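What follows draws every value from the coordinates through simple rules; no lab data is involved. In this text, all values refer to a predicted model and were calculated from it rather than measured experimentally. A quick note on method: Cβ atoms are made from the backbone with ideal geometry, for glycine too, and the neighbour counts reach across all protein chains shown.
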Amino acid sequence: MIKNNVLKFLKSDISRVLISIVVIVIAMTIFTDKFASFSNISSILRNQSIYGIMAIGVLMIILTGGIDLSIGSVYGFAGTVCAVCIMNGLHPFLVIIITVISGGIIGLLNGVIIAKVGVAPFIVTLGMLGIVRGLNYILTGATAIIINNKAFTFLGDGSLGKIPVPLIILIVIILIFNTILNNTIFGRRIYAIGGDEGAAVLTGINVVKMKILVYALAGSLYSIGGIIGAAKVASSYPLAGTGYEFEVIAACIIGGTLLSGGKGTVVGTVLGAIFIGILKNSIIILGISRFWQQAANGLIIIFVIAITSYFSKERESFC
């Protein structure tokens, strides 16, 4: 039994991500003494916690067979909402609630247009990316807004003992959404829709309602990422979150999520985000020119996704 479980785990997508992380960590520890320092590891986890939280949001969307390209703009908009609210004297707790709700409303709009009107997710969320980014420019006046509130910035740059606060928030969100996806009717319906939407409808699942809820939840998670990001740098700026879609969606796929829907895990997704963070950090420490960093990131991510897809198809051929 134990041997079978071990073999099953080693064949899983999660094991491949874990092995990749371990290999890079061992290699970087051997080649440089900068990588394994507590401050560097802490910095990676602090940064990637933000991506991990947002990746859990888009994971649910991809599981239903959808996609979301408005991730980065909602992230940036959340930071701006926080900055504007704090500048107007609102309590940080109230600011957080308002910001999470604002992200949820954006996601809700995406969901309604996609599920009720029937417009393709790619088109809707691409359009929403432009709309929200435009609102961000309007609210900021195209300039950065400084956040001077220590209670708020603690969410991004604070630590409890030696554990970064963003990591603690990520762990709580992992526990919540892992439970939702694996142990609730709501979670099982999400997987069912992505696995076979037609069959899901025939079993009585309200697909329209489910998709709207999933997009709304995802928008709220992007906003939580935006809150932590704004708190971390103690400011909001118009271009915050630009290009984050690439990294967040890549984290899902590297973690074993199928773009066609129906397959993916919270743990695998978060490990995918951590893998990307370690990869970026390693490139910087090795002194690779910043002009090559983006290209290197893209090449390695494509390679990992190709390997994951290959093994998935190979596994299906034996079924």
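Structural remarks
- Going by neighbour counts of Cβ atoms within 10 Å, the residues Ser15, Ser102, Ser49 line up, fewest first, as Ser15, Ser102, Ser49.
- The share of alpha-carbon pairs in region 75-224 lying farther apart than 18 Å comes to 66%.
- For the chain, the longest site-free run once trypsin sites (Lys or Arg not before Pro) in DSSP loop states with at most 16 other Cβ atoms within 10 Å are removed: 163-319
- Lysine pairs in region 13-317 with Cα atoms under 26 Å, if 8 or more residues apart or on separate chains: 14
- Whole-Hz Karplus values for region 264-269 come out as x, 9, 5, 4, x, 4 Hz, taken residue by residue from phi with 6.51 cos²θ - 1.76 cosθ + 1.60 and θ = phi - 60°; glycine and proline positions read x.
- Put in line by how crowded their Cβ is, counting other Cβ atoms within 10 Å and starting with the fewest, Tyr137, Tyr51 read Tyr137, Tyr51.
- The chain: C-alpha gyration tensor shape, a/c 1.5 cut-off, then a/b vs b/c: oblate
- Calculated over region 182-302: convex hull of Cα atoms, volume per residue (Å³): 130
- Rounded to the nearest 20, the Cβ-based charge dipole of the chain about its Cα centre (Lys and Arg +1, Asp and Glu -1) stands at 360 debye.
- Compared with the direct C-alpha span, the chain from Ala27 to Gln294 gains 94.0 nm at full extension, assuming 0.36 nm per residue.
- Ile19 versus Leu239: modelled label distance in nm, points set 7 Å from Cα along the beta carbon direction: 4.0
- 3J(HN,Hα) couplings calculated from phi for region 298-303 with the Karplus curve 6.51 cos²θ - 1.76 cosθ + 1.60 (θ = phi - 60°) are, in sequence order, x, 4, 5, 5, 4, 4 Hz; Gly and Pro show x.
- Taking label points 7 Å from Cα along the Cα-to-Cβ direction, Val208 and Phe154 give a separation of 4.6 nm.
- Net charge of Cβ neighbours under 15 Å - reference Pro166; Lys, Arg +1; Asp, Glu -1: +2
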